[in-house]
Structure formats: C-alpha cells, structure tokens
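Derivation of every value follows stated rules applied to the coordinates shown; laboratory data play no part. Owing to the predicted nature of the structure, the values given are computational and were not obtained by experimental measurement. Heads up, the Cβs are rebuilt from the backbone with ideal geometry, glycines too, and the neighbour counts pull from every protein chain shown.
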C-alpha cells in the first residue's frame, strides 16, 4: 500500500513531460488506502531529476496531495500540484496522478518501489499496443500488464530520500 501511494505521488513529480492518458489506471475498488510512509517531503538524490523536491500529504483515506516544491531543468508539466492514488498490478505498485492547477483531465502513471529508505520512481512504457491500446481503464491495465513482461518497460529511474 505504501509503495502504491508513493508511486503515484512520485510519478507525477518525477517526470516533467509525461504522456497524459484520458483514463485513470484503476477503478475505485482497485485503489489502495493511503500509506502514511509516503506522506512527507521527498528530495531526489539525482540533480538531473525533473522533480527535485516534492511534498506529499494525505487528502483523504485513498487520495494523496502532491506538490512539486523544486523543479528540475526538464520539468515541463503545466501543473505543480496533483491528486494521486495508489494501486497494484501483477505484484507491482503504481501511482497515478491528475493535475489540479491546469484543469486537464489526463492522468499520469508511475511505478514506485522502496529500496531500504529510498523511494524509487520510474516511468512506465506502453510497449505492446502503445497509447492507442488504452481505450478504457481495463484496457490501460491490460496494456501495462503486457508491457511489464518487457525488461524495457520501466525507465527514467529516480531515487528520493525523505527529508
């Protein structure tokens, strides 16, 4: 559950120019409860990260609030504040987020995990049918499940330490 929420939060913050998708990555009954381990301020251990520092809060039982406190050179997102939700698929933890400031309906997906006390966030590649295969939430999950079988699915690895 912790990895799930952290992934969502970090995913939004970590990539400056993620590809937005019109569908959420999980239905309401697939969303995990907030993991308090993700709540707090996180700083990248890599100066080249798109998101250098972010703050994660608990908005309600299933929703995280993510605010980008310091942007890297390549941060291109229109939003600096996001709502995020965690979910699991095939033994992996994911965070999907939606911007607050721009009013856009798109969602952004990230893979999250913990290595000791470090939070690791990675982009998720859609390597089988691509973005065109994502025609619903269920199709989105099927595309990611199939893509995870490819070792090149998870990219842009950034590590964060809690402040």
Query raised in the report: In Å and whole numbers, how far do the C-alpha atoms of the range 29-113 stretch along each principal axis, longest first?
Result: 37, 30, 23
Query raised in the report: For the range 106-150, treating each Cα as an identical point scatterer without solvent, what Debye log10 I(q)/I(0) comes out at q = 0.29, 0.34 1/Å?
Result: -1.06, -1.25
Query raised in the report: Cα axis of helix 2-14 to longest principal axis of the chain: angle in degrees, 0 to 90, nearest 10?
Result: 80
Query raised in the report: What nm distance separates the two modelled labels at residue 106 and residue 146, each placed 7 Å from Cα along Cα→Cβ?
Result: 2.2
**Report entry** the chain: angle of helix 137-147 to the longest principal axis, Cα-based, in degrees nearest 10
**Finding:** 90
Query raised in the report: Normalised by the residues of the chain, what does the relative contact order come to in percent, with Cα pairs under 8 Å and at least six apart?
Result: 29
**Report entry** Geometric extent, Cα atoms of the chain - Rg, Dmax (angstrom)
**Finding:** 13.9, 39
Requested in this report: Starting from 0 in steps of 10 Å, tell me what percent of the Cα-Cα pairs of the range 75-118 lands in each bin.
Outcome: 25, 46, 26, 4
Requested in this report: Return the calculated 222 nm mean residue ellipticity for the chain, to the nearest 500 deg cm²/dmol, obtained by summing -39500 (n - 2.57) across DSSP H runs with n ≥ 4 and dividing by the residue count.
Outcome: -4500 deg cm²/dmol
